[in-house]
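Report on the following structure.
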Amino acid sequence: MINTILFDYDGTLMDTNEVVLQSWQHTFRTLRGREEDPEFIRSTFGEPLVKTLAKLFPEVPVEKSLDVYRTFQREVFTDFVEVFPGMLELLKELKQRGYKLGLVTSRTKDTTWDGLKHYGMDKYFDAVITAGDTDKHKPDPEPILITLKRMDSVPQETLMVGDTMFDLECARNAGVKSVMVEWSVTMTSEEMAQADYVIKTAEELLDIL
């Protein structure tokens, strides 16, 4: 019986696609003097930021590229970010029904909490795990397992809601059922089919439960 539901942040709970895209384009303009193909940038969504920066800008110290990216994003974050339709209502309903709710993200703590507090969502979560809370990141199971330990929950009674293959594989590696959102901008229909469940709207999660 499911009693715990974990959510990814970017692209699942919050529509951060535009702010992430703009942050990458700013980084490419600053470090390379040009912009990058948006589809290529979207293909990196869900991967830990430091790993992607090191891979895309191997000639630049990662501390520098990270500063370029994060400084820009902090300045414009709440201007671009929105909650996906139905998510606020879903969190409220789940909490009223007595479910334990957790957030598992590779995003930094400051911008994660900026978004949660901006939309009044911080009160719904029993545990929030961000990039600085673990040395290992999705698709490694550790972020989920740390979250479950903090919530006194077990994998067999948990669902993980996400939008990337990193979320799906993290759930699978942790022994947790996966729910992928159809509004994902990174997953193909074939990849989506690997999930235990797929939802077209936030409310459909209630039907699964």
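The values are calculated or read from the model by the stated rules, or taken from the named source; none is laboratory data. Here the structure is a predicted model, which is why all the values come from computation and not from measurement. In this analysis, Cβ positions are derived from the backbone assuming ideal geometry, glycine residues included, and neighbour counts consider all displayed protein chains. Ligands, DNA and RNA are excluded from the accessible area calculation, which covers all protein heavy atoms including side chains. Shrake-Rupley method; radii C 1.70, N 1.55, O 1.52, S 1.80 Å.
What the table shows:
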{"quantity": "For the chain, fraction of C-alpha pairs farther apart than 32 Å, in %", "calculated": "13"}
{"quantity": "Semi-axis lengths, Å, segment 83-179, gyration tensor of Cα atoms, sqrt of 5 times eigenvalues", "calculated": "20, 16, 13"}
{"quantity": "Accessible surface, per residue, of segment 32-123 when the full set of protein chains is kept, probe 1.4 Å, Å²", "calculated": "54"}
{"quantity": "Rounded accessible area per residue of segment 146-209, 1.4 Å, Å²", "calculated": "48"}
{"quantity": "Cβ-derived FRET efficiency at R0 41 Å, GLN25 paired with GLN96, nearest 0.05", "calculated": "0.50"}
{"quantity": "Size of charge dipole - the chain - debye, nearest 20, with Cβ of Lys, Arg +1 and Asp, Glu -1, no other charges", "calculated": "540"}
{"quantity": "Set of segment 128-172 residues, backbone N closer than 17 Å to the point 7 Å along the Cα-Cβ line of GLU191", "calculated": "138-140, 161-172"}
{"quantity": "Inter-label distance for GLU35 and VAL76, nm, one decimal - labels placed 7 Å from Cα along Cα-to-Cβ", "calculated": "1.0"}
{"quantity": "Proximal lysines relative to LYS136, as straight alpha-carbon distance under 18 Å, when same-chain residues fewer than 8 apart are discounted", "calculated": "LYS51, LYS55, LYS109, LYS149"}
{"quantity": "Rg/Rh ratio calculated on Cα atoms of segment 91-141 (Kirkwood radius)", "calculated": "1.01"}
{"quantity": "Sequence-separation-based contact order of segment 53-209, relative, with Cα cut under 8 Å and 6+ spacing, percent", "calculated": "16"}
{"quantity": "Alpha carbon centroid spacing (whole Å) that separates segment 67-122 from segment 158-209", "calculated": "18"}
{"quantity": "Accessible surface of the chain, 1.4 Å probe, proportion on carbon and sulfur as whole %", "calculated": "49"}
{"quantity": "Calculated SAXS-style log₁₀ I(q)/I(0) at q = 0.12, 0.15, 0.17, 0.19 Å⁻¹ - segment 1-109, Debye, Cα scatterers", "calculated": "-0.49, -0.70, -0.84, -0.98"}
{"quantity": "Alpha carbon convex hull of segment 150-209, volume per residue in cubic angstrom", "calculated": "88"}
